[in-house]
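Bear in mind that the values in this text are calculations on the coordinates, not laboratory data. These numbers were taken from a predicted model, which means no experiment stands behind them. Neighbour counts run over all protein chains shown; Cβ positions are idealised from the backbone, glycine included.
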Amino acid sequence: MSDPIVIAKDVSKWYGSVIGLNNFNIEVRSGITGIVGPNGAGKSTFFKLLVGTIKVNIGSMLVMGRSPWKNQSQLKDIGFCPDYEFLPMDLTGTDFLRFVGGLHGMSGQTLAKRSSEVLKLVGMTEASDRRMGGYSKGMKQRMKIAGSILHDPKLLLLDEPLSGTDPVVRKELIDMIKGLNREHGHDIIVSSHVLFEVERMTHDVALLYKGRAVASGDISEIRDLMSDHPHHIVIQGKGLVDLAKSLVDKPYTVSVQLWSDRSAITVEVSRPDELFDSMPELIAETGCQIESMRSLDDDLESLFKYLAGW
Amino acid sequence: MELGFHLVGLRALVTFSSKKLLLNRRWVIVALMAALVAVVMLYVASEGSGTIDEGSTLINTLILSFLLPIMSLIYGASMIRNEIDDRSITQVVTSPMDRRVAYIGYYLSLCVVLSVMLVIIESVGWASFFLTTSVDGEAVELLLSYALLLVIGSFVYSSLFLLLGVVFRQPIYLGLLYVFVWEALVGSLPGAIGQYTISYYIKVIGSHLIPYGNITQFSGDAGVAALVLAALAAVFLIIGAWAFREKEIP
């Protein structure tokens, strides 16, 4: 197994009375690593600590063996694409890359050649002479990524690169990010609040919730944890009293609540897969008629709460 | 190697920031100020005595004493502060360029842009006055001497207001307080207290260059004044660069 490129140990970071990261621990190795968490989980704080624009209050953070705070020269090896808009809208894509290249000590033919390569890589060659103010969301994301890989960094940090893009652009960006790792050798840390999007890029995932890494590792391990997560499932239909009685006796059932108008029941189960698997048998056994079934816990928030033990 | 790297970065930052300052919508305010100066000087030229003393006093009062600190404040205090607030500073602070060098880049572009704008305004005002009275060698010398004072003033005031923009969230209010209360009010008081302003030292240098108008009222050693101004600019610049390096930019 390769050495970790990022080690965060007992890191806490707060902004006044607001906690960004709370006793946060993670080790990131080569390849693509996904950081998943709802808004406010601390993903962006983690990235800002990695590029050293903010410093940890407690704990230690090492990126490629060195502390990033006040270590500006290390940014030769790091490319950062933040989740917010910062592109100068009056500039063309080419001028923007010229500026970024200059900040990285690149000039002349070297810069022109590299800019051309990067524009091709992100699929922005044709639009590069247009002002960025006229770019679509997807084009802006591509230009942000172009700026972050221009100096060919070893480690690439992509904070919510898919946010606000349509499904077609999202697929293209996912393919591009995978290619940046596979074909160009960049180690990548990418964040999202949508698990399945990250899953399409990597199997190495860390889940963040309220400033803590609540789970990390292979996606299949995370999935196992998720399958044990108690789910609230609403079943609507007719003849539900008998179904409720049968469900009470099942080992996976935590509780059953019959609605006052008897039009639905809310079942809390520890293993939702088993409930879904046994439904045909239960229907046949009780003679109920099911109109719909839906989970109340589809949002990641409840999963994170569960994993965090809250 | 390291020096070459930083020089390339410095050039990129100065070019980018200068363009950004010049293309900013605030040029409308600058144009209005230039027009106001032109109208006032044109009016005085037609209604007043039209002497070179009168022209010098006008340039000193309108541009050197008023516009120089005000424009330095407007552009200087907001330059880095605005970039922090709208996050356009991201590209600079996540580049390998030493933040202290980046700060010097911001400072240089601010000085250059301010100097250019102030000299243009001065030239417009000068032309409005002297083209309607008389242009001679002395009038041209007056134009150039005030231009030099404006450039010197830009370098000193920029170092102060850029520092305020890095350290404070609302630098404009503090800057206005400084300009109107300290520079204008305290600076006009009789006695030694008036010497504790940037404006005083600029005018001491000016009194050695310009023998016309109310700037001649200032007396003192021009060499000492130049040293004081250079020291002030250097101290403000060093503190600002240090504060910028230490600053967390969330």
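Ellipsoid semi-axes for chain B, based on the Cα gyration tensor and the rule √(5λ), read 34, 20, 16 Å when sorted largest first.
Using only side-chain charges placed at the Cβ, +1 for Lys and Arg and -1 for Asp and Glu, the dipole size of the range A:6-224 relative to its Cα centre rounds to 500 debye. A cut-off of 5 Å between modelled amide H atoms, ignoring neighbours fewer than 5 places along the same chain, links A:V254 with A:E268, A:V269, A:S270. For the range B:144-250, trypsin sites (Lys or Arg not before Pro) meeting the loop criterion (DSSP other than H, G, I, E, B) and having at most 10 other Cβ atoms within 10 Å: B:R169. Separation of the alpha carbons by more than 20 angstrom is noted, of A:K55/A:K140; A:K70/B:K247; A:K137/A:K171; A:K140/B:K247; A:K120/A:K171; A:K48/A:K120, for A:K55/A:K140; A:K140/B:K247; A:K48/A:K120.
Classify the range A:1-156 from the C-alpha gyration tensor, please: rounded if a/c falls under 1.5, else prolate or oblate depending on whether a/b exceeds b/c. The shape class here is prolate. Over the protein assembly as shown, the reciprocal of the mean inverse Cα-Cα separation, the Kirkwood hydrodynamic radius, stands at 27.8 Å.
Reducing the range A:36-103 and the range B:90-136 to their Cα centroids gives an inter-centroid distance of 31 Å. The share of C-alpha pairs in chain A whose separation exceeds 28 Å stands at 50 percent. Ranking B:W242, B:V181, B:P96 by Cα position along the charge dipole of chain B, where only Lys, Arg, Asp and Glu carry charges on their C-beta atoms, puts B:P96 farthest toward the positive end. Each label point was placed 7 Å from the Cα along the Cα-to-Cβ direction; for B:D136 and A:K70 their separation is 6.1 nm.
In this Cβ point-charge picture (+1 for Lys and Arg, -1 for Asp and Glu), the protein assembly as shown has a dipole of about 840 debye about its Cα centre.
Within 10 Å of the Cβ of each residue in A:76-86, the mean number of Cβ atoms contributed by other protein chains is 3.
Of the beta bridges in the protein assembly as shown, as assigned by DSSP with both residues counted there, near 70 percent are antiparallel. Taking every Cα-Cα distance in the range B:115-183 and sorting them into 10 Å bins starting at zero, the pair-distance distribution P(r) comes out as 18, 36, 26, 16, 4 percent. Compare the Cα positions of A:G20, A:V190, A:Q72 along the charge dipole of chain A (+1 at Cβ of Lys, Arg; -1 at Cβ of Asp, Glu; about the Cα centre) and return the one farthest towards the positive end. Result: A:Q72.
Couplings for the range B:182-194, taken from phi via the Karplus curve 6.51 cos²θ - 1.76 cosθ + 1.60 with θ = phi - 60°, read 7, 5, 7, 6, 5, x, 8, 6, x, x, 6, 4, x Hz in order; Gly and Pro are left as x.
Considering every Cα-Cα pair within the range A:187-267, what fraction, in whole percent, is farther apart than 18 Å? Roughly 57 percent, once rounded to a whole number. Taken one residue at a time, the phi angles of the range B:79-96 give Karplus couplings (6.51, -1.76, 1.60, θ = phi - 60°) of 4, 6, 4, 4, 5, 5, 5, 8, 6, 6, 6, 3, 4, 6, 7, 10, 9, x Hz. Gly and Pro are set to x.
Rounded to the nearest 20, the Cβ-based charge dipole of chain B about its Cα centre (Lys and Arg +1, Asp and Glu -1) stands at 960 debye. For A:K154, the residues whose amide H sits under 5 Å from its own are A:I78, ignoring neighbours fewer than 5 places away on the same chain, with H placed 1.01 Å from N.
Think of the protein assembly as shown as a dipole: +1 on every Lys or Arg Cβ, -1 on every Asp or Glu Cβ, centred on the Cα centre; then among A:Q289, B:G223, B:L142, B:G223 lies furthest on the positive end.
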